[in-house]
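The values are calculated or read from the model by the stated rules, or taken from the named source; none is laboratory data. Bear in mind that the values here come from a model prediction, so they are computed numbers and not experimental data. Reconstructed Cβ throughout: ideal geometry from the backbone, glycine too, with neighbour counts over all protein chains shown.
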Amino acid sequence: MIPDILENIKTELVKGTTVKGHPFRLCVMATVGINNSARIRTVVLRDVDEHFNLTFYTDKRTKKVTHIRENRNVSLLFYHPDLKTQVRIEGFAKVEEKEKAIRGLWDKLHDDAKKDYTSAEAPGTKIGHPDFITHLKDEHYFTVIRVLSQKIDYFELKPHKHVRAAFSLEDNNKWNGTYLVP
């Protein structure tokens, strides 16, 4: 049953990237900020590969990019209310540096979505009103964050017996899993 749990996690993560309104589309990402303080925010899952490596888009001026460059350790939290399932993923984040990869994803974005990465002011800048945001025409601050998953913690609330399992990525690039007391 352990391999089934891992496969179910992957299936739900993929649905998060393909099924509109799926609960795994949005997750919470935690980074370590200045003075080793935890910082959390909601991010949009854009892609997941066969090794559970995850892709997110962001403005390269955000604090999370600064945090990742200072400390690659991140933690992600996904929750599916209908399945009563929580998935926590720990891994190493990296900011994509290959301009060709960034440009390829940028070109695939809808024009409405591109606007999120073209504000003249950096995210978190104080403004007098939301209408005061200025957008650039020929410039953008779009970038990509990739999370290389190392650990997965699965928790499912069941009426009579909760299920919890932990998975870790081994040196041979295979996932090793075990059940845990919930």
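Restricting attention to region 55-96, the residues that are under 30 Å from Asp138 (Cβ atoms), in a helix (DSSP H, G or I) and more than 13 Å from the chain's Cα centre (by Cα) add up to 4.
Condition check: in contact with a Pro (Cβ under 9 Å, 6 or more places away or on another chain), under 29 Å from Phe52 (Cα atoms) and of a type in the set (Phe, Trp, Tyr). Does Phe167 satisfy that? For Phe167, the condition - in contact with a Pro (Cβ under 9 Å, 6 or more places away or on another chain), under 29 Å from Phe52 (Cα atoms) and of a type in the set (Phe, Trp, Tyr) - is not met. When Glu96, Glu170, Glu90 are checked against the criterion of being acidic (Asp, Glu), within 30 Å of Pro3 (Cβ to Cβ) and in contact with a Lys or Arg (Cβ under 7 Å, 6 or more places away or on another chain), Glu90 stands alone in meeting it. Exactly one residue out of Arg103, Arg72 is surrounded by fewer than 17 Cβ atoms within 10 Å (Cβ to Cβ), in contact with a Phe, Trp or Tyr (Cβ under 8 Å, 6 or more places away or on another chain), among the charged types (D, E, K, R) and more than 21 Å from Phe155 (Cα to Cα), and it is Arg72.
Whenever a residue of region 2-25 is in a helix (DSSP H, G or I), its partners that are charged (D, E, K, R) and modelled with pLDDT of 95 or more, lying with C-beta atoms within less than 8 angstrom and at least six residues away or across chains, give the pairs Gly16/Arg25; Thr17/Arg25; Thr17/Arg46; Thr17/Asp47; Pro23/Asp82; Phe24/Glu12; Phe24/Lys15.
Answer yes or no: is there a residue in region 46-54 that is farther than 29 Å from Lys114 by Cβ and either crowded, with 16+ Cβ neighbours inside 10 Å or touching a helix residue (DSSP H, G or I) at 6+ places or on another chain (Cβ under 6 Å) (or both). No: zero hits. Here Phe52 does not qualify as assigned to a strand (DSSP E or B), in contact (Cβ under 8 Å) with a residue 60 or more places away in the chain and under 15 Å from Val147 (Cα atoms).
Please verify whether region 143-151 includes one or more residues that are at pLDDT below 95 and surrounded by fewer than 17 Cβ atoms within 10 Å (Cβ to Cβ). Looking through region 143-151, none of the residues is at pLDDT below 95 and surrounded by fewer than 17 Cβ atoms within 10 Å (Cβ to Cβ). Here Pro81 meets the list (1) without any contact (Cβ under 8 Å) to a residue 12 or more places away in the chain; (2) within 13 Å of Cys27 (Cα to Cα) almost entirely, failing just condition (1). Within region 97-114, residues that are on the phi < 0 side of the Ramachandran plot and part of a loop (DSSP other than H, G, I, E, B) have Cβ atoms under 6 Å from residues that are at pLDDT below 95 and of a type in the set (Lys, Arg) in no pair, counting only partners at least 6 apart in sequence or on another chain. Within region 159-173, none of the residues are at pLDDT below 95, surrounded by 11 or more Cβ atoms within 10 Å (Cβ to Cβ) and among the aliphatic types (A, V, I, L, M). Once region 1-54 is narrowed to residues that are within 11 Å of the chain's Cα centre (by Cα) and of a type in the set (Lys, Arg), the residue that is farthest from Gly104 (Cα to Cα) is Arg41.
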